[in-house]
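The values are calculated or read from the model by the stated rules, or taken from the named source; none is laboratory data. Just so you know, these numbers come straight off a predicted model, no measurement behind them. Glycine also receives a Cβ, built like all others from the backbone with ideal geometry; neighbour counts cover every protein chain displayed. Each accessible area value is taken on the protein alone, full model and side chains, heavy atoms only, with ligands, DNA and RNA left out. Shrake-Rupley method; radii C 1.70, N 1.55, O 1.52, S 1.80 Å.
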Amino acid sequence: WKKIMLENQNPQTVFFFYSYYSLRDHKGELFSQYKLVDWLHQRSRVPDFGGAGWHVEGGLLASYATSGAIQGRSAARIALRVLRGETAGNIAIKLPPEFEVAVNLDRAKQLGIEVPLDILAIARVFKK
């Protein structure tokens, strides 16, 4: 996977990183999500997006995701409905009520990208 990522960096490329549980390194050992974000941040020359705010905090360019706290509150509301006797199969699947935009200005500068002010106005911004 490392070779593929390194060899496929051209002006049309964008990397999108989401959580995973079984990526392994060349020795067959598990390669943590934190290591991958750091590895990608150090080697990528193209925009890289994450599926969570911590990906951006770790060095990726941006994300548009719901937070774990919002997911937890949503799950708790569903659990309460089930505990009160509602059948789980009758509860509609819904999108989370809120999403968060996160932007890493240091990464944007590194890639030569100027983040529009209207994005910065709504984003959680990371900068050293």
Original post:
Looking at (1) open to solvent by less than 40 Å² (accessible area, probe 1.4 Å); (2) out of contact with any helix residue (DSSP H, G or I) (no Cβ under 6 Å at 6 or more places or on another chain), which is the one condition that is false for residue 110?
Top reply: (1)
Original post:
In the range 1-50, what residues are farther than 21 Å from residue 64 by Cβ and of a type in the set (Gly, Ala, Ser)?
Top reply: 22, 28, 32
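Can residue 93 be described as β-branched (Val, Ile, Thr) and either open to solvent by 70 Å² or more (accessible area, probe 1.4 Å) or not in a helix (DSSP H, G or I) (or both)?
Numbers: β-branched (Val, Ile, Thr): yes; either open to solvent by 70 Å² or more (accessible area, probe 1.4 Å) or not in a helix (DSSP H, G or I) (or both): yes.
Judged against the criteria, residue 93 is a match.
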**OP:** Name every residue in the range 54-90 that is open to solvent by less than 60 Å² (accessible area, probe 1.4 Å) and not small (Gly, Ala, Ser), in order of residue number.
**Re:** 55, 56, 60, 61, 66, 70
Original post:
Taking the range 4-59, which residues are among the hydrophobic types (A, V, I, L, M, F, W, C), in contact with a Lys or Arg (Cβ under 8 Å, 6 or more places away or on another chain) and part of a loop (DSSP other than H, G, I, E, B)?
Top reply: 31
Original post:
Considering only the range 106-123, how many residues are within 29 Å of residue 73 (Cβ to Cβ) and assigned to a helix (DSSP H, G or I)?
Top reply: 5
